[in-house]
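Working notes, structure below.
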């Protein structure tokens, strides 16, 4: 048993040395170690949010805004979604600001992705919007229900990154 622990210790030290030396294997290992649990959590969150109930809310504001201050070079400017809406669950009024489970920052050239995301919000002719809320914690809400495509992308990256690491460095 002591030999197994000694082997693991040497392996961890070796990976750490690779990382400090800016070796791609070490960097890829720690990037995968960090991102995989986050991606698994994101997948579970998206999957659960797909089954959240819907209520009707009122959109108080929604727009694509500049993030991180003004940049002198327009192509370096970042953008985010800024939304505020209110909705009622069991007689209680809540305010939300999450549009989708995907929190995105886009460059000037990619801000059309954010604009497209805003167009996916379900709006009625009277100006009301669909709000999807967590029944266990109604103050958590989204304007766009997670889609199958997003789940597939998240799962692919969550499984793909460790698989790519293993096949690249341990076969």
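Fully extending the segment from residue 128 to residue 170, taken as 0.36 nm per residue of separation minus the present Cα-Cα distance, adds 9.7 nm. In the chain, the DSSP-assigned H stretches of four residues or longer account for a calculated mean residue ellipticity at 222 nm of -15000 deg cm²/dmol, using -39500 (n - 2.57) per stretch and the full residue count as denominator.
The length gained on full extension between residue 40 and residue 139, counted as 0.36 nm times the residue separation minus their Cα-Cα distance, comes to 33.3 nm. Just one of (1) 17.7; (2) 19.2; (3) 16.9 is Kirkwood radius over Cα pairs in Å calculated from these coordinates, so which is it? Working out Kirkwood radius over Cα pairs in Å from the coordinates points to (2). Run the numbers on the chain and let me know its relative contact order in percent, using alpha-carbon pairs under 8 Å that are six or more apart. So the answer I get is 25 percent. Would you mind checking region 23-40 for residues with the amide N under 20 Å from a putative spin-label position 7 Å along Cα→C-beta of residue 163? Label zone hits: 28-40.
By other beta-carbon atoms within 10 Å, ranking 140, 111 with the fewest at the front produces 140, 111.
Applying 1/(1 + (r/R0)^6) with R0 = 25 Å to the Cβ-Cβ distance of residue 76 and residue 115 gives a FRET efficiency near 0.85. Of the residues 54, 116, the one with the fewest other Cβ atoms within 10 Å heads the list, and the complete ranking is 116, 54.
Given an 8 Å cut-off on Cα distances and at least 6 residues of separation, report the relative contact order of region 52-143 as a percent. It comes to 35 percent, rounded to a whole number. The angle separating the long axis of helix 24-49 from the principal Cα axis of greatest extent in the chain is about 30 degrees.
The spacing between region 38-65 and region 117-150, judged by their C-alpha centroids, is 6 Å. Arranged from fewest to most other beta-carbon atoms within 10 Å of their beta carbon, 43, 30, 149, 132 become 149, 30, 43, 132.
Coordinate-derived values only; no laboratory data. This one's a predicted model, so the numbers in the text were calculated from it and none came from an experiment. Cβ: placed from backbone, ideal geometry, glycine included. Neighbour counts: every protein chain shown.
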